[in-house]
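The values are calculated or read from the model by the stated rules, or taken from the named source; none is laboratory data. Remember, it's a predicted structure, so these values are computed and weren't measured experimentally. Positions of Cβ are backbone-derived with ideal geometry, glycine not excepted, and every protein chain shown enters the neighbour counts. What goes into the accessible areas is simple: the full protein's heavy atoms, side chains included, and nothing from ligands, DNA or RNA. Shrake-Rupley method; radii C 1.70, N 1.55, O 1.52, S 1.80 Å.
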Amino acid sequence: MVIIRTAQIADLSALCRLRYAVQPAIHRDRIRATDNQTYFYLVAERECILIGFGLLLLERPPEWSDTLDSFPIVVDLFVSGQHRSQGVGRALLTHMECIVHQHGKTVLYLSVEPKTNPRALALYERLGFQPLQREPYQSAWRFTDSDGIEHVGEEWVIDMCKSLTVLAR
């Protein structure tokens, strides 16, 4: 059984073992920003072991400098390799959909790299997410964590959305 809950500072080392091991400030900053109103950093655990995480933003953070205006959005979703294809990603997304619905929102957005992450694309399509573009476009991002480390990247993504007016169970 997979349990989805809010990430806590006590989860930091386990989160780092999952992803971003040399960049703990990414997880620490997300945990500190969790406010249960607009910013949700969730973890998936099975038998008290963290096996995945996801970041949901209901609204645009004021410190963001890009022009993204598609909210609420799943910013990061990760499941450890040995736990993929076991319903963990589905459980995280279903929990996020419930949060979005509880806050009166009717759509959920995310982006996916279809060429490098076809499994994620297939999952999102199975869960009812619809692509907003036919072809991937280049998306650049940049942020500085609380340790003062600047993170920069580019991805070829497709944006997707799902209507939540009727929650699937």
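The table below gives the values:
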item	result
Cβ-placed point charges (K, R +1; D, E -1), dipole of the stretch 7-151 about Cα centre in debye, nearest 20	480 debye
Relative frequency of Cα-Cα separations exceeding 15 Å in the stretch 81-122, percent	54 percent
Pairs of Cα atoms farther than 14 Å apart, the stretch 8-56, %	45 percent
Linear extension gain, residue 63 paired with residue 119, 0.36 nm per residue minus alpha-carbon span	17.0 nm
Unit charges on C-beta of K, R, D, E only; dipole of the stretch 81-169, Debye	580 debye
Space enclosed by the convex hull of the alpha-carbon atoms of the stretch 10-103, per residue, Å³	115 Å³
Solvent exposure, largest accessible area first (probe 1.4 Å, DNA, RNA and ligands not counted), of 47, 125	47, 125
Cβ-based charge dipole, the chain, positive-most Cα from 6, 157, 71	6
For residue 137, solvent-accessible area (1.4 Å; no DNA, RNA or ligand), Å²	80 Å²
Ratio of the Cα radius of gyration of the stretch 20-169 to 2.2 N^0.38 Å, where N counts its residues	1.02
Rh (Kirkwood; distinct C-alpha pairs) - the stretch 57-112, Å	12.6 Å
Heavy-atom accessible area order for 163, 85, 80, largest first, 1.4 Å probe	85, 163, 80
Rounded accessible area per residue of the stretch 120-167, 1.4 Å, Å²	65 Å²
Accessible surface of the chain, 1.4 Å probe, proportion on carbon and sulfur as whole %	50 percent
